[in-house]
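This report concerns only the one structure given below.
The values are calculated or read from the model by the stated rules, or taken from the named source; none is laboratory data. It should be emphasised that the depicted structure is a prediction, and the values quoted were computed from it without experimental measurement. Reconstructed Cβ throughout: ideal geometry from the backbone, glycine too, with neighbour counts over all protein chains shown. Side chains are part of the model used for accessible areas, which takes the heavy atoms of the whole protein and leaves out ligands, DNA and RNA. Shrake-Rupley method; radii C 1.70, N 1.55, O 1.52, S 1.80 Å.
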Amino acid sequence: MERVVQFTGPRQVEVAEHDSAPLPPGHLRVRTRYSGVSAGTELTAYRGTNPYLTRTWDPEARIFRDGAAGIEYPVAGWGYSEVGEVTEISDELTGTPGLPAVGDLVWGIWGHRSEGIVPVERMIGHTLPAGLDPLAGTFARVGAIAYNAVLASDIHVGEDIAIFGQGVIGLLTTRLAQLNGGRVTAVDALDGRLDTARRYGATTTLNAVTGGVAEAIRAATEERGADVAIEISGVYPALHEAVRSVTVGGRVVASGFYQGDAIGLRLGDEFHHNRVQLICSQIGGVPPQLSGRWTVERLQRTFLALVAEGRVDVTSLVSHVVPADEAAEAYVLLDERPADALQVILEF
């Protein structure tokens, strides 16, 4: 039997059981060990705010169209940060270069389910690096999201970088920006996360609740403003404050998943008068100027290599490892008590 975590309605979670499907040609079967919960994207489906629940994405025109929902409840098997053991490989794949072997631990995307049936092309080169804690493998995708935002930022050594949001992805962004040579100011509404941000390389931390973030950043940079701001919380007032924080012609990388109307974002103010560059970073692709050298796959592998080399710590970000059968409690924790959790992992 296969167990699948699914949302049956807004803020309704169950673990369903299904018969295991036969393995089709060109696929591997993986028994899940750990699956990381995204406190951003997944909570939009959990809360019922995801745009796919009310509109349909047209992949050819690349716009959302009104009139029909792209997904409906139950929403099954969301999740994009899995680690598991290969248990079966299609016979015809024997000898494929880079193919994991039965018994290997692999990382990838197959959702919150006790086993994944994954196309071989998505598993080539996805054997977990030797000696790496399996929990660390669940960070491949979230690490790539952070890495992508840093690449889009085009950070140079000695530049002032403001990073808004210090959840898991924000903390990883802080560390990568610091490795890239930036002087990082970390901004969040939770003091505990700001404490962690200092450990991850932030030179300065600011609590957004106290206000005056843009003014403080400008005062610390001779009234110039930050060279770059990365907004990764998905909150419109934070995006507005990021725009207020950067210098004339400065760059704001919007990497959060914003929901609903842009209340709190005023584009007639500093955005207009300081000619601010606003750039979207989204894990569906790398910055266009780097597409000849970088891919999403390279982002993921390089991030895990940095973890394996000890240059980025991820396992200390794991605050809860929850049995998959208790997934509902995990989502309540992330939804209602975010100050009590960082990375929540489902264990199968």
* Asked: How do the peptides 160-171, 39-50 rank, highest first, by the average count of neighbouring beta carbon atoms within 10 Å per residue?
  -> 160-171, 39-50
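With a probe of 1.4 Å, find how much accessible area the stretch 237-296 has per residue, and write the answer as a whole number in Å².
54
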* Structure fact -> By the mean-Cβ-within-10 Å protection proxy, highest first, 257-264, 51-58, 74-81 rank as 74-81, 51-58, 257-264
* Structure fact -> Looks like the stretch 155-242, by Cα gyration tensor root eigenvalues a ≥ b ≥ c and the a/c under 1.5 rounded cutoff (else prolate when a/b is bigger than b/c, oblate otherwise), is rounded
* Within the stretch 19-117: Cβ-based charge dipole about Cα centre, in debye rounded to nearest 20 (Lys, Arg +1; Asp, Glu -1) -> 380
* Between E336 and T8, take the C-beta separation as r, use R0 = 25 Å, and let me know the FRET efficiency to the nearest 0.05. => 0.85
* Structure fact -> Once phi for every residue in the stretch 281-289 is put through the Karplus expression 6.51 cos²θ - 1.76 cosθ + 1.60 (θ = phi - 60°), the whole-Hz ³J(HN,Hα) values, with Gly and Pro written as x, are 10, 9, 6, x, x, 8, x, x, 5
* For the chain, what relative contact order do you get, as a whole percent, if you take Cα pairs closer than 8 Å and at least 6 residues apart? -> 17
* Residue-span extension gain [E17 to D66] - 0.36 nm each, minus C-alpha spacing -> 14.3 nm
* With all protein chains present, how much of the accessible area of the stretch 21-66 (probe radius 1.4 Å) comes from carbon and sulfur, to the nearest whole percent? -> 52
* Structure fact -> The percentage of the accessible area of the stretch 214-283 (probe 1.4 Å, all protein chains present) made up of carbon and sulfur atoms, to the nearest whole number, is 54
* To do: Write down the accessible area per residue of the stretch 1-47 in Å², having rolled a 1.4 Å probe over the full set of protein chains.
  => 45
* Built amide H within the under 5 Å cut-off of F64, gap 5+ -> D58
* When you count, for each residue, the other Cβ atoms within 10 Å and take the mean per peptide, how do 60-72, 12-24, 99-111 rank with the highest first? -> 99-111, 12-24, 60-72
* To do: Can you tell me the relative contact order of the stretch 129-284? Whole percent, Cα pairs under 8 Å, sequence separation 6 or more.
  => 21
* Structure fact -> Charge dipole of the stretch 1-51 built from unit charges on the beta carbon (Lys, Arg +1; Asp, Glu -1), centred at mean Cα; most positive-end Cα among Q12, V37, P51 is V37
* Structure fact -> Asserting the computed 222 nm helical MRE of the chain (DSSP H runs at least 4 long, -39500 (n - 2.57) per run, divided by residue count, to nearest 500) equals -7500 deg cm²/dmol
* Asked: Helix hunt in the chain: which complete DSSP H runs extend at least 24 Å axially by C-alpha with mean Kyte-Doolittle at least 0.5?
  -> none
* Asked: Once amide H atoms are placed 1.01 Å from N in the peptide plane, what residues at a sequence separation of 5 or more from V252, or on another chain, have their amide H within under 5 Å of its amide H?
  -> A229, Q277, L278, I279
